[in-house]
Amino acid sequence: MLLTRRQVRLLLPLGTAVALSLTGDSTLYAVLANQTETVGITLGTVGVLLGVNRLIRVPGNLVAGALNDRLGRRRLFLWGLFLGVLSTLGYGFVRGFWPFFATRVLWGIAWALINVGGYNMVLDWSLPENRGRMTGFYQVSYMLGLAFSPLLGGVLTDALGFRTAVLICAAVSSVGLLVAFVALPETRRRPDRAQAGAGRSRKSWAQMSSTLRKVDRQVMAAAYVYLTVYFVSSGVLVSTISLYLGQQWGTAIPLAGVVIGVASLAGIMLALRASLGMLAGPLAGALSDRLENRWPVVWLGIVLGTAGFMLLVVVAQLWAVLVGVALVSLSAGALLAVLVALVGDQATGERQGVMMGALAATGDIGSATGPLLAYALAVTLELRWVYLLCAMVLASGLIVSGGHWRRVDS
């Protein structure tokens with residue numbers, strides 16, 4: 001089933017706002033490791049600053065999910081966009097570890113409201129037969145933001161300097177806030193309280209417990225894979241690719257007769273990651289809808305990502321970095337879209353916000369620990385050994401999810 005006109009009217013402003021909100025945060029992943037003197041921090045604190053926003057989102061996602069169930073989606077989403085603009089402005093004005101730390105915490109709160117609200121809106125207006133497609137197309141907007149943001153930020157940083165670059169990024173994010181304010185609808189339907197109360201009273205605790213056990217086995221496996229994807233891709237790879245390129249080739253890299261700065265090349269790599277994720281998300285989502293079984297698509301994504309990291313481990317050449325990043329990007333794009341749809345199949349109802357908040361929290365645990373562990377290990381180990389760890393962690397998802405052959409409507 002194709003998307004309805006109503007679903008498209010939701011996805012356009014929602015996707016635009018999400019994509020533009022990522023501009024400042026994504027820029028940091030491309031350039032912060034090489035801008036430590038400008039910001040007034042040390043290299044050892046880069047991992048902390050790139051990860052603290054995700055740590056604050058672990059409890060923040062749960063709170064955001066509960067608030068989405070109680071207060072609806074739109075107003076919380078708009079508040080998240082507003083706080084995101086403020087945090088990006090802060091990057092351009094503050095100096096030193098603790099002031100910069102505060103701006104990253106603010107972004108963590110902002111993204112919890114944006115991310116949890118966005119996925120809840122998608123689930124509100126999706127159906128089991130097209131949920132994979134809808135989460136896949138929504139993933140396109142997320143990946144589009146990840147594609148142009150680091151590239152824009154990297155090029156602007158090389159050309160105009162870090163502070164000017166992030167102020168421009170804040171202006172871009174403000175456009176997304178304006179679009180959402182004007183065009184984004186409220187998607188949550190308020191259930192009739194009397195009917196809802198009567199329905200709950202007719203359900204026995206035994207029936208509820210049995211249903212939860214059936215859901216939990218599948219949701220827990222999906223949440224584990226979701227965590228590993230964020231750990232290896234959004235956590236380790238995104239935060240270390242600039243450092244890896246600098247360690248291997250220095251501050252400037254000759255490519256096809258042209259010398260490219262590390263910040264720009266890192267931005268290109270991250271843009272490649274997001275661009276391929278935009279391709280993989282809708283295709284994987286549509287395939288999982290057609291199969292009426294999302295797990296085979298999940299396993300294919302895990303295999304692709306594992307192969308990509310192994311290539312980074314074995315071959316230390318620029319072409320291998322490009323291919324390895326491409327395989328990991330296809331993997332992450334496919335997995336994030338399908339796993340959200342998989343959990344969404346079970347999460348519809350009055351507890352939807354809490355369940356999606358919990359899923360987002362597991363992803364943020366992975367993405368928060370990724371930079372912290374990667375930079376801690378990079379002090380004594382080559383980054384390729386960190387990438388070997390990533391391959392092993394991602395492959396473990398095959399073991400955890402190996403027993404699931406569930407259909408979409410099961």
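Counting only residues that are modelled with pLDDT of 90 or more and either within 17 Å of residue 187 (Cα to Cα) or polar (S, T, N, Q) (or both), the stretch 9-26 holds 12 of them.
Looking at the stretch 176-249, the helices (runs of 4 or more DSSP H) lying wholly inside it that each contain 3 or more residues that are within 17 Å of residue 358 (Cβ to Cβ), at pLDDT below 80 and of a type outside the set (A, V, I, L, M, F, W, C) sit at 205-229.
Residues of the stretch 240-256 include at least one that is closer than 15 Å to residue 153 by Cβ and in contact (Cβ under 8 Å) with a residue 12 or more places away in the chain.
Of all residues in the stretch 20-37, one or more are over 17 Å from residue 88 (Cβ atoms) and among the hydrophobic types (A, V, I, L, M, F, W, C). Among the candidates 167, 184, 160, the residue that is closer than 14 Å to residue 8 by Cα and over 19 Å from the mean Cα position of the chain (by Cα) is uniquely 184.
The helices (runs of 4 or more DSSP H) found wholly in the stretch 1-112 and carrying at least 3 residues that are surrounded by fewer than 20 Cβ atoms within 10 Å (Cβ to Cβ) occupy 5-21, 36-39, 46-71, 74-93. For residue 158, the conditions (1) touching a strand residue (DSSP E or B) at 6+ places or on another chain (Cβ under 6 Å); (2) not in a helix (DSSP H, G or I); (3) not hydrophobic (A, V, I, L, M, F, W, C) are fulfilled apart from (2).
The values are calculated or read from the model by the stated rules, or taken from the named source; none is laboratory data. This one's a predicted model, so the numbers in the text were calculated from it and none came from an experiment. In this analysis, Cβ positions are derived from the backbone assuming ideal geometry, glycine residues included, and neighbour counts consider all displayed protein chains.
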